[in-house]
Amino acid sequence: MNIDAETLEGNVRRIHLSGRMDVQGTQEIDLKFTSFTANQDAVIVDLSQVDFLSSIGIRTLMLNAKAVTQRGGKMALLNPDPTVSAVLEMAGIDTLIPIFRSEADALKAVSP
Amino acid sequence: MFSERLVIVNDLRELRRMSAWLQDACAAADFGADLAGRLDLCANELVANIISYAFDDGQRHEIALEVTATPEGASLTVRDNGRPFNLLEAPAHRQPESIEQARIGGLGIHLVRQLSSGCRYRRDGGFNVLTVDLAHQALRRHA
């Protein structure tokens, strides 16, 4: 998997993931993901280039969302493809971490 | 009837080889992308669980997979000689109310239950034999 991050207006951290978020893929990005969300109060995770998501990947998304939320911040997911979206719904994640189709909506939701 | 088998060992690095095999098998069986994707996810969850939790002797173990075409779609059978584990007896997933309250982990079995239309388990000698059925039509039920 690949991961990169940029800082948008209002100090919002936008993390971009791509590839297969299975055991191997998640292990490849896990530490970087945590370092990218550390000390961030507003995080958007762009999932548009993730083509497979299993429970280990969901675990990483949840751990980071929980850490951000416990600091009083907000994390949102952006644009999962239909397959990944179905997995997030099946796992009940859509009710725990907000999912947005447009970056503008995601920005509005996580901005302080 | 279409059927393909693969044997892997208890090493998480085997999961990618398993997925590649499954992708080829699903293409050969003409299952379509949706069913193939759900089979891939089921196989990843079941086998990652087995590799992570079924063995405590540090030894090499084989895990056998078989994918079969059925009138309704496909079935996936996984056979391992790890400690007895009946997925059907695992407690149901409880949806947390918020991310702060969420217990992290344990979603793999929940996903398999959501993805499949049926599940059968038997302990056969020293082996766990689990078969999950998946329908052509995606299920959208919530347990």
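The values are calculated or read from the model by the stated rules, or taken from the named source; none is laboratory data. Note that the coordinates shown come from a computational prediction; the quantities given were computed from them, not determined experimentally. Methodologically, a virtual Cβ is constructed for each residue, glycine included, from the backbone with ideal geometry; neighbour enumeration extends over all protein chains shown. SASA here: full protein model, heavy atoms, side chains in, ligands and nucleic acids out. Shrake-Rupley method; radii C 1.70, N 1.55, O 1.52, S 1.80 Å.
Taken as a whole, region B:53-61 holds at least one residue that is more than 13 Å from chain A (Cβ to nearest Cβ), open to solvent by 10 Å² or more (accessible area, probe 1.4 Å) and touching a residue at least 60 places away in the same chain (Cβ under 8 Å). Residue pairs whose Cβ atoms lie under 6 Å apart, sitting 6 or more positions apart in sequence or on different chains, and linking a residue in region B:105-128 that is at the interface with chain A (Cβ under 8 Å from one of its Cβ atoms) and at positive phi to a partner that is modelled with pLDDT of 95 or more and part of a helix (DSSP H, G or I), are B:Gly105/A:Arg59.
Is there a residue in region A:66-77 that is surrounded by 23 or more Cβ atoms within 10 Å (Cβ to Cβ) and in a helix (DSSP H, G or I)? The answer is yes; a qualifying residue exists.
Just for region B:83-104: of the residues that are within 14 Å of chain A (Cβ to nearest Cβ) and buried (at least 16 other Cβ atoms within 10 Å of the Cβ), which one is nearest to B:Asp56 (Cα to Cα)? Ranking the qualifying residues of region B:83-104, first place goes to B:Leu87.
Among residues of region A:13-54 being over 13 Å from the mean Cα position of the chain (by Cα), of a type in the set (A, V, I, L, M, F, W, C) and open to solvent by less than 30 Å² (accessible area, probe 1.4 Å), the one that is farthest from A:Leu77 (Cα to Cα) is A:Val23. Restricting region A:78-105 to residues that are over 17 Å from A:Met21 (Cα atoms) and part of a helix (DSSP H, G or I) leaves a set whose member that is most open to solvent (accessible area, probe 1.4 Å) is A:Thr95.
Once region B:108-128 is narrowed to residues that are among the hydrophobic types (A, V, I, L, M, F, W, C) and open to solvent by 10 Å² or more (accessible area, probe 1.4 Å), the residue that is farthest from the chain's Cα centre (by Cα) is B:Phe127.
Set side by side, the residues B:Ala36, B:Ala43, B:Ala48 differ, and just one is among the small types (Gly, Ala, Ser), touching a Cys at 6+ places or on another chain (Cβ under 8 Å) and within 21 Å of A:Phe52 (Cα to Cα), which is B:Ala36. When each of B:Asp24, B:Asp34 is tested for being outside any loop (DSSP other than H, G, I, E, B), open to solvent by 20 Å² or more (accessible area, probe 1.4 Å) and within 12 Å of chain A (Cβ to nearest Cβ), the lone residue that passes is B:Asp34.
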